[in-house]
1. With axes computed from alpha carbons, what is the tilt in degrees of helix 151-172 against the longest principal axis of the chain, rounded to the nearest 10 within 0 to 90?
2. For the Cα atoms of the chain, what angle does the longest principal axis make with the long axis of helix 125-144, in degrees from 0 to 90, nearest 10?
3. Once you have the Kirkwood Rh of segment 66-178 from its Cα pairs, apply Stokes-Einstein at 10 °C and 1.306 mPa s and quote D in µm²/s.
4. Please report, in debye to the nearest 20, how large the charge dipole of the chain is about its Cα centre when each Lys and Arg carries +1 at its beta carbon and each Asp and Glu carries -1 there.
5. Which of rounded, prolate, oblate describes segment 37-77, given a ≥ b ≥ c as roots of the alpha-carbon gyration tensor eigenvalues and a/c under 1.5 marking rounded, otherwise prolate only if a/b is larger than b/c?
6. Using 1/(1 + (r/R0)^6) with R0 = 35 angstrom and r between the beta carbons of ARG154 and TRP20, what's the FRET efficiency to the nearest 0.05?
7. Mind listing which GluC sites (Glu not before Pro) in segment 1-63 are in a DSSP loop and have 10 or fewer other Cβ atoms within 10 Å?
8. Taking Cα atoms, how many degrees apart are the long axis of helix 60-71 and the longest axis of the chain, rounded to 10 and kept between 0 and 90?
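Every number here is computed from the coordinates shown, using simple stated rules; none is lab data. Note that the structure is a prediction, hence the values are computed from the model and not measured. Using ideal geometry, Cβ is built from the backbone for each residue, glycine included, and neighbour counts are taken over all protein chains shown.
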Amino acid sequence: MSDSAVPPAEDGVDRIQRAWQRERPGMPVESIGVITRIWRIAKLLDDERRRTDARIGLDAPTRDLLSTLRRSGPPYRLSAGEIARQCLVSAGAISQRLTRAEQRGLVRRTKGGADGRSVQVELTEQGHRLIEDRVDDLLRHEETLLTSLDVSQREQLTGLLRVLLSDLTGRFGADDRP
């Protein structure tokens, strides 16, 4: 942990947990220490991601679309259905994203498949340049958000979160999508 980020002896989550222990003796409240902190961290990170997206000039849906295509590797082309699956949104939402990105010259759609009915989406050169620049900015910034954790702590937290995510994904029947 960096010297600049000494954790408090107590935080708001500890006070919530202690209040429930006082008000409902015997009730299992240990989950509050984990789940409420994860929820609060998720809210803080979501708010910061929105500010960062605004600063780098790329809205979240477009960033998600372009990132999905970029991560797919050359030729940076996927079906519209695969993009929807990976982005965890409906086909209708992807269609809207594609229309906006296509109007900006960031992607191009082509008909594909044996019957010509499937839609293939490809990252354009302009879209490729944009996502490269923006992802670099985003990831560099997000790296600074983890400076309170040393390498070992990051690895430990990553492993613990992987276990929890895997369990919850299985319990809820969710898809472990990229």
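1. 80 degrees
2. Result, in degrees: 10.
3. So the translational diffusion coefficient is about 97 µm²/s.
4. Using only the charged Cβ atoms, the result is roughly 700 debye.
5. Here segment 37-77 falls in the oblate category.
6. 0.70
7. GLU10
8. 70 degrees
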